[in-house]
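Everything below concerns the one structure shown next.
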Amino acid sequence: MSQNIKDVMNIRDIKITDLSANPAPLGLMGFGMTTVLLNIHNAGFYPMNAMILSMGIFYGGLAQVIAGIEEWKKGNTFGATAFTSFGFFWLSLVGIVLIPKSPDYAGLATESLPFAAYLFMWGVFTLFMFIGTLKGSRALSVVFLTLTILFFLLAAGNYLGSTGILKIAGYEGILTGLSAIYTALGQVLNEAYGKKIVPL
C-alpha cells in the first residue's frame, strides 16, 4: 500500500471533536425573559412599552436567531429550527406593533382576526415542535407544551375579543417564560458544576 493511500485513509478516519459551547441556554434565556416581560403586560400589569419591544428585537429576536445558527453549525436540526423560528417570531411581532405607527403604513394595523390567525399558526408550529421534544428532557417538553397552550389561548382571546382569556394567557405566558429560564439556567449550572444539580 503506497504512502499516499495510507495518508488518505488516515485523514478519512479522523474524528473532529466539537469544542464549541452549547447555544441552547442563550436561545432559551432570550425566549424566556422576553416572554415573561411581554406576558406581564398581557396579564394587565403595565401597558405595551419600549422595553418589551427592545427585548423583542434584541434578546427575544436576534439572540435566538444567533443561537439557531449556532445549533445549525452543530448539526442540531431541532434547535436550529426552533431558535431561528422563534427569533423571527419576535421580530415579526415587533413589526406588527411598529409598522402601523409609521406615517407611510398608518392604515395597516393588524385587526383581531388576522392577528388570531397569526397566533394560531404559531400554535400549530409549536405543537409539532413539542412532539419533537418528547425524546429529550422533560423540562424542554414543559417549555413547548406551555408555549403551545399560550399561543392557542392568545389566538382564542384575540378571535373572541375576550380580555378575560387574554389575561389568563398572560399568567400562563409568565409560567411559560419561567420554564424556559429554568431550563436554560439548569443547563448552564449543570455544565458549570460538571454534574446534575438542576433536574431537567
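The values are calculated or read from the model by the stated rules, or taken from the named source; none is laboratory data. Worth saying up front: this structure is predicted, and the values here are computed from it rather than measured. So basically every Cβ, Gly included, is an ideal-geometry build from the backbone, and we count neighbours across all protein chains shown. The accessibility values were calculated without ligands, DNA or RNA, using every heavy atom of the protein model including side chains. Shrake-Rupley method; radii C 1.70, N 1.55, O 1.52, S 1.80 Å.
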Check: If one computes the Cα centroid of the stretch 164-200 and of the stretch 124-146, what distance in Å separates the two points?
Finding: 13
Checklist line | Within the chain, helix-based [θ] at 222 nm, where runs of 4 or more DSSP H residues each add -39,500 (n - 2.57), nearest 500 | finding: -24500 deg cm²/dmol
Checklist line | Most mobile of PRO103, PRO114, PRO23 in a GNM of the chain (Cα contacts under 10 Å) | finding: PRO103
Margin query: Could you tell me which residue out of ILE69, VAL188, THR163 lies farthest along the dipole of the stretch 62-200 toward its positive end? Charges go on the beta carbon: Lys and Arg +1, Asp and Glu -1, centred on the Cα centre.
Written below: VAL188
Note to self: Can you give me the distance in nm between label points at ILE197 and PHE128, each placed 7 Å from the Cα along the Cα-to-Cβ direction?
What the structure shows: 4.0
Margin query: Please give the charge dipole size of the stretch 23-193, origin at the Cα centre, charges +1 on K and R Cβ atoms and -1 on D and E Cβ atoms. Round to the nearest 20 debye.
Written below: 200
Next item on the list: Keeping the other protein chains in place, figure out the carbon and sulfur percent of the accessible area of the stretch 23-193, with a 1.4 Å probe.
Entry: 73
Note to self: Leaving out ligands and nucleic acids, and using a 1.4 Å probe, what accessible area per residue does the stretch 23-193 come to in Å²?
What the structure shows: 50
Next item on the list: Starting with the highest mean, order 38-51, 149-162 by the number of other Cβ atoms within 10 Å, averaged over the residues of each peptide.
Entry: 149-162, 38-51
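Quick one, what does Rg over Rh come out to for the stretch 23-193 if you take C-alpha atoms and the Kirkwood Rh?
We get a ratio of 0.97 for the stretch 23-193.
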Margin query: Only helices at least 15 Å long along their own axis, judged from Cα atoms, and with Kyte-Doolittle mean hydropathy of -1.0 or greater: name those in the chain from DSSP H.
Written below: 24-42, 77-98, 112-133, 138-160, 163-193
Notebook entry, point to check: Are any of the pairs LYS101/LYS167; LYS74/LYS101; LYS167/LYS195; LYS73/LYS195 more than 31 Å apart by Cα-Cα distance, and if so, which?
Noted result: LYS74/LYS101; LYS167/LYS195
